[in-house]
Amino acid sequence: MSHEQEQDNPKALVVVSNRLPVTLQRSDTGQWEVHSSTGGLVTALVPLLGKRKGMWIGWPGILEETNVDKLLKVASQARGYILKPVILTPEEVNKHYFGFSNQIIWPLFHDLQSRCNFDPAYWSAYKAVNHKFAQTIIENTMADDFIWIQDYHLILVGRVLRSMGMDSKLGFFLHTPFPPPEMFIKLPWRSQIIEALLEYDLVGFQTLRDRNNFLHCIEAMLKGHHVDARRQLVTITSRRRETVVGSFPISIDFREFAQQAASKDVANATRQLRNAIPDRKIVLGVDRLDYSKGIPEKLRAFRNALKRFHEIRRKISLIQIVVPSREDIPEYKVLRAEIEGLVSEINGKFTTPGWIPVHYMFRSLPRTELLAYYRAADIALVTPLKDGMNLVSKEYCVARTDKDGVLILSEFAGAASQLHRDSLIVNPYDVEGVADAIVRAYHMSTDERQWRMRRLRKSIAKRDVFWWVSCFLQAAGFNS
Ligand code: GDG
């Protein structure tokens, strides 16, 4: 095995994810530029990677021919850790990312089996791409390194590495939910996926719900293993190894987020927003374009609230931000059309001079603007049909440094296991129940809003993304 690390630092952290934490873009002059991605995971891992001369392995996100290696070598020097690309062909991206990952695992793991396209060609591409990732890992790491694989695109990587003779410590974290057995067994490649997960030394899920679903799948599908579930971390002993399984709820960088939300720029932008929609309560939705996020269901609930509760008409507006995502998949185009149809139907029915019930945006906003929307919103309406965690719910609370605002949260978001006590918990399929919650939030007293928000923020502050990283690494026996 070759390695670019110092020989006297035996234990480095190697993070592996489908996408590298950078984007490569051409500037106006045609030169390639490397921009860092933002987000909690990157913020939490980058200092550790820098400290231990670590490495991040992933697809750089471009299909154009260019000297990616050279570009990333320069970017690595500036960042203090190594960015190692895995180059993929357009067909691999198509069948691995858009195919197996997002038309099979994604819908199945969100309990939406009818949206799965179990095309065997997708499985072949999934295996091939996981193999490519494993090859890059084996060529660039040393035996003592801790290799932390992220998410559902790369489940098989551990298994391929073991088949290549790798004995390093391997960890895996699943950002999506893990489905119950009656859902999981529909996967034609269920045994390969379950067995691959047991090749890791540590498997992390977002919540106990997901961890338990995984354990139930093991019970239902595998023989000849032993489960020791006496502690928070469960140990599964199978023929080949011991795998520790736990739940590690992911979060955001509380301090950085709160600081930015309290900045002057955000305060100005918030004021402008409030002035544009005066004397009205703002309900906010921020979701990636995805059927798991329950956007049409949310719009129907809002329509139901306007229909049944005349007192909130002209007094409330929903601002729905939809961030473009996976538009190469036909179902996402259909979903967008459904959302836009509902928005225009609601506005067509209820709009009066001076009042638009639904303000709809289909684009990604700069961070400052997003924070201003969080701050301006009286109510956040977060109603996924199922979600691994849902960071928007946490970001809304953290951005409310004035300790006001109401969070309405789906019981099927992983975040509900932590935030259920002080948010208004709803079943996203229950249109009337969500409408009732909107009206309850609308009438909630300042006192109640404030004590709820204080407690929500306290709970998020206690378990931020740094806590998440250190819990996972501690469970893996990696001393960060
Ligand atoms: C997956 C799992 C799990 C959104 N709009 C804008 C924008 N965003 C940012 C938010 C937030 C992120 O996107 C969305 O995170 P979520 O957690 O809500 O959802 P997924 O993208 O589905 O993430 C999920 C997560 O992984 C982490 O494990 O919680 O369950 O599905 O951070 O702020 N950011 C900017 N402009 C926008 O318009 N700048």
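Applying a threshold of 19 Å to the alpha-carbon distances of 51/84; 11/169; 127/223; 298/386; 223/386 flags 127/223; 223/386 as lying beyond it. Taken about its Cα centre, the chain carries a charge dipole of about 1260 debye when Lys and Arg each add +1 at the Cβ and Asp and Glu each add -1 at the Cβ. Note on the chain: with neighbouring protein chains present and a 1.4 Å probe, carbon and sulfur make up 49 percent of its accessible heavy-atom surface. Rounded to the nearest 10 degrees, the angle from helix 120-140 to the longest Cα principal axis of the chain is 60 degrees. Taking amide H as placed 1.01 Å from N in the peptide plane, residue 316 has its amide H under 5 Å from the amide H of 281, each at least 5 places away in sequence or on another chain. Which entries in the list 281/349; 73/132; 315/458; 315/403 go over 25 Å, if you measure between the two C-alpha atoms of each? With Cα atoms farther than 25 Å apart: 315/458.
Summarising the amide proton neighbourhood of residue 323: residues at separation of 5 or more, or on other chains, whose placed amide H is nearer than 5 Å comprise 287, 288, 289. Mean sequence separation of contacting Cα pairs (under 8 Å, at least six apart), scaled by the length of the range 254-462, corresponds to a relative contact order of 26 percent.
Each residue was assigned an accessible area with a 1.4 Å probe, and for residue 37 the value is about 40 Å².
When DSSP beta bridges are restricted to pairs lying wholly in the chain, around 20% turn out antiparallel.
When only alpha carbons are used to place a centre, the range 338-357 and the range 417-480 end up 30 Å from one another.
Taking Cα atoms only, the orientation of helix 446-462 departs from the longest principal axis of the chain by about 10 degrees.
Where in the range 338-425 are there trypsin sites (Lys or Arg not before Pro) that are in a DSSP coil and have at most 11 other Cβ atoms within 10 angstrom of their Cβ? Counting only loop positions with at most 11 other Cβ atoms within 10 Å, the trypsin sites (Lys or Arg not before Pro) in the range 338-425 are 363, 421. Only DSSP H runs of four or more residues enter the estimate; each adds -39500 (n - 2.57), and after division by the residues of the chain the mean residue ellipticity at 222 nm equals -13000 deg cm²/dmol. Rolled with a 1.4 Å probe across the full set of protein chains, the surface gives residue 467 an accessible area near 70 Å². Using a cutoff of 8 angstrom between alpha carbon atoms and counting only pairs six or more residues apart, the relative contact order for the range 1-118 works out to 23 percent. Principal-axis analysis of the Cα atoms of the chain puts helix 208-221 at an angle of about 50° to the longest axis. For the peptides 72-81, 221-230, 244-253, the ranking by mean Cβ contacts within 10 Å, running from highest to lowest, is 244-253, 72-81, 221-230. Segment residue 448..residue 338, full-extension length gain: 36.0 nm, with 0.36 nm per residue of separation and the alpha-carbon distance subtracted.
Taking all protein chains into account, the per residue accessible area for the range 107-258 stands at 38 Å² (1.4 Å probe). Got the relative contact order for the chain handy, in percent, Cα pairs under 8 Å and 6 or more residues apart? That works out to 13 percent.
The alpha carbon centroids of the range 127-163 and the range 11-26 are separated by 14 Å. Peptide packing for 154-161, 438-445 was compared via the average number of neighbouring C-beta atoms within 10 Å per residue; ordered from the highest value, the list is 154-161, 438-445. For the pair residue 240 and residue 94, the difference between a 0.36 nm per residue extended length and the Cα-Cα distance amounts to 49.2 nm. Give the shape of the range 254-462 as rounded, prolate or oblate, defined through the alpha-carbon gyration tensor: a ≥ b ≥ c are the square roots of its eigenvalues, a/c under 1.5 means rounded, and otherwise the shape is prolate if a/b is larger than b/c and oblate if not. Rounded, because the longest to shortest axis ratio a/c is under 1.5. Please label the shape of the chain as rounded, prolate or oblate, based on the square roots a ≥ b ≥ c of the eigenvalues of the alpha-carbon gyration tensor (a/c under 1.5 means rounded; beyond that, a/b larger than b/c means prolate, else oblate). In terms of gyration-tensor shape, prolate.
The values are calculated or read from the model by the stated rules, or taken from the named source; none is laboratory data. Source: prediction; values computed, not measured. Reconstructed Cβ throughout: ideal geometry from the backbone, glycine too, with neighbour counts over all protein chains shown. Accessible surface areas use protein heavy atoms only, side chains included; no ligands, DNA or RNA. Shrake-Rupley method; radii C 1.70, N 1.55, O 1.52, S 1.80 Å.
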